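Asker: So that we are looking at the same thing, I have put the structure below in structure tokens.
The values are calculated or read from the model by the stated rules, or taken from the named source; none is laboratory data. Note that the structure is a prediction, hence the values are computed from the model and not measured. Here the Cβ positions follow ideal geometry from the backbone for every residue, glycine too, while neighbour counts run over all protein chains shown. In case anyone asks, the SASA skips ligands and DNA or RNA and just uses the protein heavy atoms, side chains included. Shrake-Rupley method; radii C 1.70, N 1.55, O 1.52, S 1.80 Å.
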Amino acid sequence: MIIKHRIFVFLPEKIIFVIMKNIKIVIVIALVLITLIAVALYSLFLSDQKPSEEEAELPILSICEYEHIPVDSFDVEVHAIQKNEFLSQILTSLGATNDDVSKVSLLEPGVFDAKSLRVGSRYKAYYALNDSCRKLCYWVYEKTPADYSVFCFRDTFFVYNGKKEIDKRLKLSKAEITSSLWNATVENNIDINLSLFLSDIYAWTIDFFGLQKGDQFSVLYDELYVDSTFVGIGQVHAAQFYHGDKDYYAFYFEQDSVGGYWDQDGNSLKRAFLKAPLKFSRISSTFSYARRHPVLRVVRPHTGVDYAAPTGTPVMSIGNGTVISKGYAGGGGNTVKIRHNSVYTTAYLHLSRFAQGLKVGQTVSQGQLIGYVGSTGTSTGPHLDFRVWKNNSPINPLTIESPPVEPVHEKNKVAFDSVCTRYLQQLK
């Protein structure tokens, strides 16, 4: 027992003594071992990163345009449709064979309509790399920045139509009116089409011919992009229009699968009658019982509103109704008269011409084209004389009260209020 105890006690001391005596050798050995272990681990890591035999055999994928055309396999030319150019002429000049051109000419209009080519539209021609013959392999026509048609002239001839992905970007635009809605968008570098959207949304509630300096608007809408290029305005989600010391809100909401615009209380902005029968004009003469006639030079009633506008400006019916007369009416020139219900009737005078196919007895809808601004009859220049009768008595068209259509249903109020709250925060 004593011997064993001595071995247990003194052996560690001897080991320590030996290590201390040869410390330099021990350090070198330790460094060598650490280096070998590190190299082994690193080699193992690299072996894990190497592709398997199956992975090594996979081909490198090409970047494709228009769904199926590998760009890196072709030499590409980009051109635009020129005036008086025809499809067959374009394809022949690009190297298509007579047989290919003949196949194209036999395509049904539903597949591709050669008459749809528009001057300025872009097209691309694809040729195989290192092909001295410059045989046309693909021809792509971009009808719009998003819509395109692809013609394949390789081993098998085929045509397909496609659409590029459209990127929507939420945009908030604000502007103050200095002269007109149109000018406000231009002055603030806003797409002018936004003024058209606003005039449609507020067509029943705001008289855009009576805008005042200092009126303002804020609009939340989608800007559309294709390949990072701006291509237009998408859905308008909400708007705030300050006019006549009052805020007019518009919120897009779908009720019973039908979209429309509503105010913050859930009342539809759509009314039985439009505020005006044409867009972007000016009032040249108002309703009066004692106006001096510009041609006859006599004082007489003018129970209508004159809208000065260029000849050919489209004129719309302000509401649903039935055409009760159409034709030349003496001093009123070409005139259309519409009965909307048992209470209201409207008339549109001095038209240059009538809408094609319009006839007496025909039912028309709100906003439907009925004619074009002119200067027929007793008139000093192109304008629309617009008149309204209520119970067969003339009334001022600018003060007509138009009831709204059906409001948001009670069952949809919670969802609508949620939409309003979100859009209000974004508008502000």
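Asker: Looking only at the stretch 217-232, filter to residues that are part of a strand (DSSP E or B) and at pLDDT below 95; which one of those is surrounded by the most Cβ atoms within 10 Å (Cβ to Cβ)?
Answerer: So the first thing to find is which residues in the stretch 217-232 are part of a strand (DSSP E or B), and the list is 217-226, 229-232.
Now narrow it down to the ones that are at pLDDT below 95: 226, 229-232.
Numbers: Val226: 18, Thr229: 10, Phe230: 13, Val231: 16, Gly232: 15.
Among residues in the stretch 217-232 that are part of a strand (DSSP E or B) and at pLDDT below 95, the one surrounded by the most Cβ atoms within 10 Å (Cβ to Cβ) is Val226.
Asker: Among all residue pairs at least 6 apart or on different chains, which show Cβ distances below 8 Å where the first residue, located in the stretch 179-199, is more than 16 Å from Phe230 (Cβ to Cβ) and the second is acidic (Asp, Glu) and open to solvent by 40 Å² or more (accessible area, probe 1.4 Å)?
Answerer: Pairs that qualify, where the first residue is more than 16 Å from Phe230 (Cβ to Cβ) and the partner is acidic (Asp, Glu) and open to solvent by 40 Å² or more (accessible area, probe 1.4 Å), are Ala184/Glu176.
Asker: So which residues in the stretch 307-318 are closer than 18 Å to Gly210 by Cβ, part of a strand (DSSP E or B) and either open to solvent by less than 10 Å² (accessible area, probe 1.4 Å) or modelled with pLDDT under 80 (or both), if there are any at all?
Answerer: Of all residues in the stretch 307-318, those closer than 18 Å to Gly210 by Cβ come to 307-309, 318.
Checking which are part of a strand (DSSP E or B) leaves us with 307-308.
Result: Tyr307, single match.
Asker: Continuing with the same structure: Just wondering, is there one or more residues in the stretch 261-284 that are under 30 Å from Glu165 (Cα atoms), within 21 Å of the chain's Cα centre (by Cα), modelled with pLDDT of 85 or more and exposed (fewer than 14 other Cβ atoms within 10 Å of the Cβ)? Reasoning before the result, please.
Answerer: Pass one, the stretch 261-284, residues under 30 Å from Glu165 (Cα atoms): 261.
Adding the requirement that they be within 21 Å of the chain's Cα centre (by Cα) leaves 261.
Filter once more, keeping what is modelled with pLDDT of 85 or more: 261.
Okay, now just the ones that are also exposed (fewer than 14 other Cβ atoms within 10 Å of the Cβ), so none.
Within the stretch 261-284, none of the residues are under 30 Å from Glu165 (Cα atoms), within 21 Å of the chain's Cα centre (by Cα), modelled with pLDDT of 85 or more and exposed (fewer than 14 other Cβ atoms within 10 Å of the Cβ).
Asker: List the pairs whose first member sits in the stretch 338-362 and is farther than 24 Å from Asn392 by Cα, whose second member is surrounded by fewer than 20 Cβ atoms within 10 Å (Cβ to Cβ), and whose Cβ atoms are under 6 Å apart, counting only residues at least 6 apart or on separate chains?
Answerer: The qualifying pairs are Ser352/Thr311; Ala355/Leu369.
To keep it simple, each residue is scored yes or no on (1) of a type in the set (Ser, Thr, Tyr); (2) without any contact (Cβ under 8 Å) to a residue 40 or more places away in the chain.
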site: Glu77; (1), (2): no, no
site: Phe86; (1), (2): no, yes
site: Leu94; (1), (2): no, no
site: Phe112; (1), (2): no, no
site: Arg134; (1), (2): no, yes
site: Tyr148; (1), (2): yes, no
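Asker: So which residues in the stretch 384-401 are in a strand (DSSP E or B), open to solvent by 20 Å² or more (accessible area, probe 1.4 Å) and either in contact with a strand residue (DSSP E or B) (Cβ under 9 Å, 6 or more places away or on another chain) or among the aliphatic types (A, V, I, L, M) (or both), if there are any at all?
Answerer: To start, the set of residues in the stretch 384-401 that are in a strand (DSSP E or B) comprises 384-390, 393-395.
Checking which are open to solvent by 20 Å² or more (accessible area, probe 1.4 Å) leaves us with 387, 389-390, 393-395.
Result: Arg387, Trp389, Lys390, Pro394, Ile395.
Asker: Another question, then. Which one is most open to solvent (accessible area, probe 1.4 Å), of the residues in the stretch 358-375 that are in a strand (DSSP E or B) and closer than 14 Å to Pro314 by Cβ? Reasoning before the result, please.
Answerer: Going through the stretch 358-375, the residues in a strand (DSSP E or B) turn out to be 363-364, 369-374.
Restricting the remaining residues to those that are closer than 14 Å to Pro314 by Cβ gives 364, 369-374.
Values: Val364: 4, Leu369: 65, Ile370: 0, Gly371: 0, Tyr372: 41, Val373: 1, Gly374: 1 Å².
Among residues in the stretch 358-375 that are in a strand (DSSP E or B) and closer than 14 Å to Pro314 by Cβ, the one most open to solvent (accessible area, probe 1.4 Å) is Leu369.
Conditions (1) closer than 12 Å to Leu136 by Cβ; (2) modelled with pLDDT of 95 or more; (3) over 26 Å from the mean Cα position of the chain (by Cα), marked per residue:
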{"residue": "Asp75", "(1), (2), (3)": "yes, no, yes"}
{"residue": "Glu85", "(1), (2), (3)": "no, no, yes"}
{"residue": "Ala96", "(1), (2), (3)": "yes, no, yes"}
{"residue": "Leu106", "(1), (2), (3)": "no, no, yes"}
{"residue": "Phe112", "(1), (2), (3)": "no, no, no"}
